[in-house]
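In what follows, a structure is listed as structure tokens, so that the remarks can point back to it.
Please treat every number below as a calculation from the coordinates, not as lab data. Keep in mind it's a predicted model, so treat the numbers as computed, not measured. Here the Cβ is made from the backbone with ideal geometry for all residues, glycine too, and neighbour counts use every protein chain on show.
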Amino acid sequence: MATPVVESSTSTNFAASTTTTTITKPAGLAVGELLVAAIQFADAGSATAVSAPAGWTTLETVDMTDGLRRLTVFYIIATSTETAASNFTFTASNTCTIGGGMLRISGVAPGSEIQTSEQDVFSGASTTSISFTSTLTPNHTDNLILLILCARSGTAGAASISSYTSTPSKTWTEIFDIGNTAGSDLVLAVASATSGVTTQITNYGATLSLPKTPHAGVILSVNPPINASGSNTALEVSPTFFSQTGSSGVNGSNTLLEIDPTLPIQSGSATAPTQWINEPSPSTTWINEEI
Amino acid sequence: MSTLYGKGLETALKAVTGVAAAPTGTLKLAFMATSYTPNAFTDQYWSDVSASIASGTTAQTLSGAAVNVDSGNTRVEFDTSDISVASQTTTTNKYVIFMDTGTPSTSPLIVCMDIAEGTLAPIAGTLAITVNAEGHFAISVA
């Protein structure tokens, strides 16, 4: 799948002593596209939080000092509500110096648009070198990587950010870069690159035009839709045959079988004959007559 | 490891020998969680394993089911058409084929097949299986 694309961006430079910053909707926003907003504020008199319009999700809140200055990153998958809007207003809970920018990104994985993100803070001596270590490992070579970098104070004057770097090296494209002398000279920039590899990003940074401190950074990985295809190795099973015992007819001999008969006693009956008694035959003396 | 379910084979042999009627329904394929380990003799029906279906997926109807006699290789092969499901975000490394009778507790399991490429993890993408040219499994006759 193709890397998600930053289609357009808008930004509103910093304004002091206010509680809101309104950012124009990026041109051509379509339903299903990803909006990422980076809002930076400073000079708040007390701990302050920034809230986004309804439906946005807070991705990272980077506390640069005790809630008095923060970088907050929000995102939303655009619905018809966002596509119909003309701008988006982000509100700080206290008066401060505030500004920010927004990216419109196409070709993201719906429901899984953000793989992961990290935040980092530097509060050492003012320097032009923004450099943070990272443990972010893109899960796909086509992921879009965003660097969101900001700084304040230090050497007075409107600053800018350039020369984005990372390890492993990538081809970074700046999306927007805002900075002025409102309040304490804030500067905020966003750059993007195609991941290219699934190797862990161990370092990212950029160069400030003026030494500043503190710095804050957010690195995030945006997912494209990722297909997965596989196959199977056919499973072959063999039967088990059990030995069977059988028999069939054969020519053979026999041993004379001698059996003693059993003679059951028979009951019989008979009828006695009629005894005829011959009567004595009469005696007769025949005299022959002469003829 | 790919596993032919013993109870499923029992059901098939009972049907062909007339011991019991063959179950009827729809042949289905379910991608399973990587944590699922098939048991050839205790996993009998879909209800026994349905809790281990890969997150974010549902059982898919299989088409093109065929049982082919491969006399050259002295075996009988079971085959179906390839399967492809869009817009999936999940992680899986195996699939189960079963006969869906409409009631999970009477839907017999047939086979659990390992995916040759190992773990697949689509993100809002297409999850597809190209079935081996010889089919899912075969039973040798000699």
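Tabulated data
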quantity: Lysine pairs in the protein assembly as shown with Cα atoms under 22 Å, if 8 or more residues apart or on separate chains; calculated: 4
quantity: J(HN,Hα) series, the stretch A:122-137, from Karplus relation 6.51 cos²θ - 1.76 cosθ + 1.60, nearest Hz, glycine and proline x; calculated: 10, 10, x, 5, 3, 7, 8, 9, 8, 8, 10, 8, 9, 10, 5, 10
quantity: Cβ-derived FRET efficiency at R0 45 Å, A:ALA84 paired with A:THR116, nearest 0.05; calculated: 0.90
quantity: Amide H within-cut-off set for A:SER8, under 5 Å, with H built and near neighbours excluded; calculated: A:ARG104
quantity: Virtual paramagnetic centre 7 Å along Cα→Cβ of A:THR135, amide N under 15 Å, in the stretch A:194-218; calculated: A:200-203
quantity: Counting all C-alpha pairs of the protein assembly as shown, share separated by more than 32 Å (%); calculated: 59
quantity: B:THR126/A:THR24 FRET efficiency (R0 51 Å; Cβ-Cβ; nearest 0.05); calculated: 0.90
quantity: Added length on full extension, which subtracts the Cα-Cα distance from 0.36 nm per residue, B:ALA15 to B:THR42; calculated: 7.7 nm
quantity: 15 Å beta-carbon shell around A:ASN94, net charge (K/R +1, D/E -1); calculated: -1
quantity: Förster radius 51 Å - calculated FRET efficiency between B:SER35 and A:ALA49 (Cβ-Cβ, nearest 0.05); calculated: 0.80
quantity: P(r), alpha carbons of chain B - 5 Å bins starting at zero, rounded %; calculated: 2, 10, 19, 23, 22, 14, 7, 3, 1, 0
quantity: Computed label-point distance, nm, for sites B:VAL141 and A:ASN13 using a 7 Å Cα→Cβ extension; calculated: 8.5
quantity: The stretch A:64-151 shape via C-alpha gyration tensor axes, a/c threshold 1.5; calculated: oblate
quantity: Tail beyond 19 Å, pair distance distribution of the stretch B:1-51 (Cα, percent); calculated: 31
quantity: Cut-off 12 Å between beta-carbons: net charge of the residues surrounding B:VAL67, Lys and Arg +1, Asp and Glu -1; calculated: -2
quantity: Label-point gap, in nm, between A:SER229 and A:THR57 - each point 7 angstrom along Cα→Cβ; calculated: 2.9
quantity: At 0.692 mPa s and 37 °C, Stokes diffusion of the stretch A:1-117 via Kirkwood alpha-carbon radius, µm² per second; calculated: 227
quantity: Point-to-point label distance, B:ALA116-A:SER243, nm (Cα→Cβ direction, 7 Å offset); calculated: 4.0
quantity: Sequence-distant residues sharing a close amide H with A:LEU59 (under 5 Å, placed H); calculated: A:VAL73, A:PHE74, A:TYR75
quantity: Fluctuation leader among B:LYS28, B:LYS14, B:LYS94 - chain B, Gaussian network, Cα springs under 10 angstrom; calculated: B:LYS14
quantity: Approximate shape of the stretch A:37-81 as ellipsoid semi-axes (Cα gyration tensor, √5λ), whole Å, largest first; calculated: 23, 9, 7
quantity: Neighbourhood charge, 14 Å Cβ-Cβ cut-off, centred on A:THR24 and excluding it, Lys, Arg +1 and Asp, Glu -1; calculated: +1
